[in-house]
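> Here you go, one structure.
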Amino acid sequence: MNIPAHAPLHLLHTAAVGTLATHARQPQGFPYPSVLPFAPDPRHRPTILVSQLAEHTHNLHADPRAGFLAVDAPDGDVQSGQRVTLLGTFEPVDSTPEVVDRYLRYHPDAERYLVLGDFTFWVMRLERLRYIGGFGAMGWLDGAELDPLAPLGFDEENALIEHFTKHSARAAKLQLLGVDRYGVDLKQDGARTRFIFDDAIHDTETLHTALEDCIQRHAN
């Protein structure tokens, strides 16, 4: 096993769409794959927004075990691109303002689904994952190995985003989607990207400094 440090974690912030494989009810037991957008939660786990009428939602209610595949192959060459397969169970989560706001930063068009009233959020509880990042860079990890650090709280993340949105003229050219201890998710000129920190950050003061560096590099 030779997996670059935090590569699966960053991939889950780079990909915007994943493949959800649930257990079909009819015909029973077959894998049922479907493609849908997702956003990483503060623990980097896929958060999905699904209709109560969708087949995969019915499948999850009957058996919450699932697989989830995320791929980053910008040149179209999947074999040489990065991909990670997650195994675990999906659990519904309340549509709190924090959960809604964070998901809509990543997928603003989803607001039209929320007003319909029958869409709910689900988050994946990871058990195992397999990452493939090219020749010789692949292997299995336990779900707890994805990130051993305590995540940023919603309030701390929102405070950082609001501070730089209000007080940095450079940040006007960027949209900050999410902040974690390993990097920043951005949207610039309609394109989504991730700025990766040199090291994991444990304190708010260093996060401020890293965000300033990120904004200076992208807003010029």
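> Looking only at 53, 177, 86, which one moves most when the chain is put into a Gaussian network model with springs between Cα atoms under 10 Å?
In this elastic network of the chain, the residue with the biggest mean-square fluctuation among 53, 177, 86 is 53.
> Spin-label point model (7 Å from Cα, Cβ direction): what's the residue 150 to residue 54 distance in nm?
Going from the residue 150 label point to the residue 54 one covers 3.3 nm.
> Under 5 Å between amide H atoms, partner at least 5 residues away or on a different chain: which partners does residue 197 have, H built in plane at 1.01 Å?
183, 184
> Could you tell me which of rounded, prolate or oblate describes region 5-102, using a ≥ b ≥ c as the square roots of the eigenvalues of the alpha-carbon gyration tensor, with rounded for a/c under 1.5 and, failing that, prolate when a/b is larger than b/c and oblate otherwise?
It comes out oblate by the Cα gyration axes.
> Residues with beta-carbon under 15 Å from that of residue 196, excluding residue 196: net charge, scoring Lys, Arg +1 and Asp, Glu -1? Don't skip to the answer; put the middle values down first.
Working: positive: 181, 192, 194, 217; negative: 72, 147, 180, 185, 198, 199, 213.
Every neighbour counted, the sum reads -3.
> State, to one decimal in nm, how far the label point of residue 137 lies from the label point of residue 205, with both points 7 Å from Cα in the Cβ direction.
That separation, rounded to one decimal, is 3.4 nm.
> Here is a further query. Can you give the local net charge around residue 175? Use residues other than it whose beta-carbon is closer than 12 angstrom to its beta-carbon, Lys and Arg +1, Asp and Glu -1.
That sum, taken over residues with Cβ under 12 Å, equals +2.
> Where nothing but the Cβ of Lys and Arg (+1) and of Asp and Glu (-1) is charged, how large is the charge dipole of the chain around its Cα centre, in debye to the nearest 20?
That gives a dipole near 540 debye.
> Further question: Using per-residue counts of other Cβ atoms within 10 Å, averaged over each peptide, order 114-121, 19-26 from highest down.
19-26, 114-121
> Right, next: Tell me what the chain gives for mean residue ellipticity at 222 nm when only DSSP H runs of n ≥ 4 count, each as -39,500 (n - 2.57), the sum divided by the residue total, rounded to 500 deg cm²/dmol. Show your work: numbers first, answer last.
Working: 6 runs with 59 residues, N = 220.
Value at 222 nm, helices only, nearest 500: -8000 deg cm²/dmol.
> What's the extension gain from residue 25 to residue 159 if we count 0.36 nm per residue and subtract their Cα-Cα distance?
Extra length available between residue 25 and residue 159 comes to 43.9 nm.
> Can you list the equivalent-ellipsoid semi-axes of the chain, largest first and in whole Å, using the square root of 5 times each Cα gyration tensor eigenvalue?
Details: eigenvalues 169, 94, 49 Å².
The answer is 29, 22, 16 Å, longest axis first.
> Sticking with this one: With a sphere of radius 13 Å drawn around the Cβ of residue 93, what net charge do the other residues whose Cβ falls strictly inside it have (Lys, Arg +1; Asp, Glu -1)?
Here the charged neighbours net out to 0.
Every number here is computed from the coordinates shown, using simple stated rules; none is lab data. Keep in mind that what you see is a predicted model, and the values were worked out from it rather than measured. Heads up, the Cβs are rebuilt from the backbone with ideal geometry, glycines too, and the neighbour counts pull from every protein chain shown.
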